[in-house]
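Shown next, in structure tokens, is the structure this report addresses.
The values are calculated or read from the model by the stated rules, or taken from the named source; none is laboratory data. The shown structure was predicted, so the numbers you read here are calculated from the model rather than taken from an experiment. All Cβ positions, even for glycine, are placed from backbone atoms using ideal geometry, and neighbour counts span all protein chains on display. The protein model used for the area step is the full one, side chains on, heavy atoms only, and it has no ligands, DNA or RNA in it. Shrake-Rupley method; radii C 1.70, N 1.55, O 1.52, S 1.80 Å.
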Amino acid sequence: MNTAQMDHYRQKLAFETDAWDLKEALDRDDPVVVIDGRSAEAYAREHIPGAVNLPHREISAETTASLDRSRLYVCYCGGSSRVHNLL
């Protein structure tokens, strides 16, 4: 892998996490808030325990204005199989 590729993945990882890291952070009670960006119906069927439902089409400066900026927010909007893997 060349230097440009390594730099790309380092930068990407600075802003992304995976299911394993999220589960560990939640288990440690880190100041993490999970945002479920799926529809209210999909959220009602199943979601990560403690996740907040904020459908991605409703995310805006106004709907996020009251969020605590000292917390880390992890957003997901993938299919239910991804959610199931975290439960």
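A compact table of results
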quantity	calculated
Selection within the range 27-69 - in contact with a Pro (Cβ under 7 Å, 6 or more places away or on another chain) and either among the aliphatic types (A, V, I, L, M) or closer than 19 Å to THR17 by Cα (or both)	GLY37, ARG38, ALA40
Test result for TYR43, in contact with a strand residue (DSSP E or B) (Cβ under 8 Å, 6 or more places away or on another chain) and in a helix (DSSP H, G or I)	yes
Looking only at the range 74-86, and only at residues there that are within 21 Å of ALA14 (Cβ to Cβ) and open to solvent by 60 Å² or more (accessible area, probe 1.4 Å), the one that is modelled with the highest pLDDT	CYS75
Filtered residue count, the range 20-51, keeping only those that are open to solvent by 20 Å² or more (accessible area, probe 1.4 Å), among the aliphatic types (A, V, I, L, M) and out of contact with any Phe, Trp or Tyr (no Cβ under 9 Å at 6 or more places or on another chain)	3
Looking only at the range 52-62, and only at residues there that are open to solvent by 60 Å² or more (accessible area, probe 1.4 Å) and either of a type in the set (Val, Ile, Thr) or not in a helix (DSSP H, G or I) (or both), the one that is modelled with the highest pLDDT	VAL52
Matching residues, the range 63-73, being closer than 22 Å to ALA14 by Cα and open to solvent by 70 Å² or more (accessible area, probe 1.4 Å)	ASP68, ARG69, SER70, ARG71, LEU72
Near pairs, Cβ below 7 angstrom, 6+ apart or cross-chain, from the range 12-39 (touching a residue at least 24 places away in the same chain (Cβ under 8 Å) and over 18 Å from ASP68 (Cα atoms)) to any residue that is polar (S, T, N, Q) and surrounded by 10 or more Cβ atoms within 10 Å (Cβ to Cβ)	ALA19/ASN85
